[in-house]
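Visitor: Please read through the structure below; I'll follow up with questions.
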Amino acid sequence: MSTEKNKLTTSWGAPVGDNQNSITAGPRGPVLIQDVHLLEKLAHFNRERVPERVVHAKGAGAHGYFEVTNDLSAYTKANFLSEVGKRTPMFIRFSTVAGELGSADTVRDPRGFAVKFYTEEGNYDLVGNNTPVFFIRDAIKFPDFIHTQKRHPQTHLKNPNAVWDFWSLSPESLHQVTILMSDRGIPATLRHMHGFGSHTFKWVNAEGQGVWVKYHFKTEQGVQNLAPEVAAQIAGVNADYHTEDLFNAIENGDYPAWKLCVQIMPLEDANTYRFDPFDVTKVWSQKDYPLIEVGRMVLDRNPENYFAEVEQATFSPGTLVPGIDVSPDKMLQGRLFAYHDAHRYRVGANHQDLPINRARNAVNNYQRDGQMRHDNNGGGSVYYEPNSYGGPTETPENKQAAYEVSGLADSVAYDHNDHFTQAGDLYRLLSEDERARLVQTIVGAMQPVEKDEIKLRQIGHFYKADPEYGQRIAEGLGLSVPE
Ligand code: NDP
């Protein structure tokens, strides 16, 4: 006898009489359309996938907590950072960028590092990468850039020609290209890498005073990387190597942790700093703006269900809480639209109501209806604002901080175009062994490029970063540095 709990039912809750044999006309069939249980099973199965993310499709996630270790309430009124010892539950999703859902983990690619803090004043998402900078600095270039990382429209193969053509014509990418081609381009595990908010954000304190901030998650496991030959071998044997490592570490109680630090810049410095502090292809030197500890993130619980928690997790740099605002960074501004828009398309208009995405505090607003609205949809409560029925109202103290803007509305290029100093600083910071591996990796990656014109243009950028860097790559490719 089946108990109530283990009685198999249809999706509408009726008991299923036979889950092994379709209803047929006679023992040999044909199958009858009146087998509604069969129809529902096949139809639901066809719809098991939501569209995979265009970028960051392959990912692994974990739950954990964030604990404040340093009181920075002088700089931000963000409630979850308000006192030492305060713990906030969080969820993280790590990912590669270019590969599809089933692609190998151990490829050379930046890693997404997306954190959702379930604070008492709403969710705060920090949606960064394992690199402090990015390839481009204006969102208008993003679809073109990603096309170069994806597959050729005819061959359906990856296309080094497009990759280096785009990079060589977008020299702002040089810094990120140098990081990507360095040893850190293939982390040993998701636990052995840093994370960065990458963009500049604004923190605002209870008095309404602001500062610019950049976030750094420093791995407590230490930075470790995979040699390219080892990574390639693992990719062939276990495409899910990083996913498995993270799951097993947490399952075994070996909880990975990161120290969260910030760099803080007074607002007025943005007018005079030698790099544009809102240009996401540049860092702020830590000699100018040293790291200040904020807290510690610990991952201590695996998801129970990959689809419900990791695949349906939706992050956006626009998921902000009072005390944390955006900056004018043009790439960030584009992302403020693109992320929630991707989730509305991919998961649905009510994606923020799913358990993994839902704020832990009460969500009170006048949004109603939409596909898959699964709660009581506000019931009979007042559904417009302003109203005379005591519905939720705004709290002016939680407005974003105002700031001055001036100038012509126009599409204007950045006026800071030194893409070479910081890439060169990174090259000069590497040991001789690391430099040799960097050069070898770049030469290997550029060798298949068809046009010498593209190679020479890119060699010119490496040369401007550091003459030795450019020379060595030119030599490796059997070319000479262009005039
Ligand atoms: P610092 O010497 O103060 O800082 C150097 C930074 O580089 C540290 O964050 C260090 O992180 C990191 N680093 C060390 N080795 C490598 C490596 N092989 N690959 C990537 N990063 C590495 O100098 P600056 O702040 O003036 O920066 C100099 C250069 O360092 C920059 O041009 C940039 O390329 C790179 N960098 C800078 C960061 C920043 O926020 N300022 C962040 C990361 C890199 P750690 O010791 O933890 O490994």
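The values are calculated or read from the model by the stated rules, or taken from the named source; none is laboratory data. This structure is a prediction, so every number in the text was calculated from the model and none was measured. In this analysis, Cβ positions are derived from the backbone assuming ideal geometry, glycine residues included, and neighbour counts consider all displayed protein chains. To get the accessible areas, we keep the full protein, side chains included, count just its heavy atoms, and leave off ligands, DNA and RNA. Shrake-Rupley method; radii C 1.70, N 1.55, O 1.52, S 1.80 Å.
Visitor: Go through (1) within 16 Å of the ligand (Cβ to nearest atom); (2) crowded, with 19+ Cβ neighbours inside 10 Å for Pro317 and report which single condition fails.
Guide: All conditions pass for Pro317, except number (1).
Visitor: Of these, Ala78, Ala60, which one is in contact (Cβ under 8 Å) with a residue 60 or more places away in the chain and in contact with a His (Cβ under 8 Å, 6 or more places away or on another chain)?
Guide: Going through Ala78, Ala60 in turn, the sole match is Ala60.
Visitor: I'd like to check something: does the range 428-443 contain any residue that is more than 16 Å from the ligand (Cβ to nearest atom) and either more than 31 Å from the chain's Cα centre (by Cα) or in a loop (DSSP other than H, G, I, E, B) (or both)?
Guide: no
Visitor: Could you check, for the range 7-27, whether at least one of its residues is outside the structural domain of Leu101 (by TED's automatic domain parsing), assigned to a helix (DSSP H, G or I) and either surrounded by 12 or more Cβ atoms within 10 Å (Cβ to Cβ) or in contact with a Gly (Cβ under 6 Å, 6 or more places away or on another chain) (or both)?
Guide: no
Residue-by-condition table, conditions (1) of a type outside the set (Val, Ile, Thr); (2) without any contact (Cβ under 8 Å) to a residue 60 or more places away in the chain; (3) open to solvent by less than 20 Å² (accessible area, probe 1.4 Å); (4) more than 12 Å from the ligand (Cβ to nearest atom):
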site	(1), (2), (3), (4)
Tyr124	yes, no, yes, yes
Phe134	yes, no, no, yes
Ile146	no, no, yes, yes
Trp167	yes, no, yes, yes
His216	yes, no, yes, no
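Visitor: Identify, from the list Arg137, Arg184, the residue that is basic (Lys, Arg) and either more than 30 Å from Glu432 (Cα to Cα) or part of a loop (DSSP other than H, G, I, E, B) (or both).
Guide: Just one listed residue meets the conditions, Arg137.
Visitor: Sticking with this structure for a sec: Scan the range 269-282 and give yes if some residue there is within 12 Å of the ligand (Cβ to nearest atom), part of a loop (DSSP other than H, G, I, E, B), open to solvent by 20 Å² or more (accessible area, probe 1.4 Å) and in contact with a helix residue (DSSP H, G or I) (Cβ under 7 Å, 6 or more places away or on another chain), otherwise no.
Guide: Among the residues of the range 269-282, not one is within 12 Å of the ligand (Cβ to nearest atom), part of a loop (DSSP other than H, G, I, E, B), open to solvent by 20 Å² or more (accessible area, probe 1.4 Å) and in contact with a helix residue (DSSP H, G or I) (Cβ under 7 Å, 6 or more places away or on another chain), which makes the answer no.
Visitor: Continuing with this model, one more query. Search the range 407-433 for residues that are within 16 Å of Lys282 (Cα to Cα) and pair each with any residue that is within 11 Å of the ligand (Cβ to nearest atom) and assigned to a loop (DSSP other than H, G, I, E, B) when their beta-carbon atoms are under 6 Å apart and the residues are at least 6 apart or on different chains.
Guide: Gln422/Lys282
Visitor: Can you find a residue that is in the same structural domain as Glu251 (by TED's automatic domain parsing), open to solvent by 20 Å² or more (accessible area, probe 1.4 Å), within 30 Å of Gly128 (Cα to Cα) and touching a residue at least 60 places away in the same chain (Cβ under 8 Å) anywhere in the range 43-53?
Guide: Checking the range 43-53: not a single residue is in the same structural domain as Glu251 (by TED's automatic domain parsing), open to solvent by 20 Å² or more (accessible area, probe 1.4 Å), within 30 Å of Gly128 (Cα to Cα) and touching a residue at least 60 places away in the same chain (Cβ under 8 Å).
Visitor: Is at least one residue of the range 214-223 out of contact with any Phe, Trp or Tyr (no Cβ under 6 Å at 6 or more places or on another chain) and within 25 Å of Ala436 (Cα to Cα)?
Guide: yes
Visitor: Follow-up question, since we're still on this one. So Gln333 ticks every box in (1) under 30 Å from Glu244 (Cβ atoms); (2) out of contact with any helix residue (DSSP H, G or I) (no Cβ under 6 Å at 6 or more places or on another chain); (3) of a type outside the set (Phe, Trp, Tyr) but one. Which box is left unticked?
Guide: (1)
Visitor: Just need a number here: residues in the range 374-402 that are open to solvent by less than 100 Å² (accessible area, probe 1.4 Å), small (Gly, Ala, Ser) and farther than 30 Å from Val211 by Cβ.
Guide: 6
Visitor: Pull up the range 28-39, narrow it to residues that are open to solvent by less than 70 Å² (accessible area, probe 1.4 Å) and within 45 Å of the chain's Cα centre (by Cα), then point me to the one that is farthest from Phe142 (Cα to Cα).
Guide: Going through the qualifying residues, I end up with Asp35.
Visitor: Can you tell me which condition Gln263 does not meet? The list is (1) within 19 Å of the chain's Cα centre (by Cα); (2) in contact (Cβ under 8 Å) with a residue 12 or more places away in the chain, and all the others hold.
Guide: (1)
Visitor: Continuing with this model, one more query. Sort through Gly122, Gly85, Gly128 and tell me the only one that's closer than 22 Å to Val283 by Cβ and small (Gly, Ala, Ser).
Guide: Gly128
Visitor: Is it true that Lys287 is within 16 Å of the ligand (Cβ to nearest atom), surrounded by fewer than 15 Cβ atoms within 10 Å (Cβ to Cβ) and in the same structural domain as Asp138 (by TED's automatic domain parsing)?
Guide: yes
Visitor: Only one of these is of a type in the set (A, V, I, L, M) and open to solvent by 60 Å² or more (accessible area, probe 1.4 Å): Leu157, Leu226, Leu190, Leu180. Name it.
Guide: Answer to the check: Leu157.
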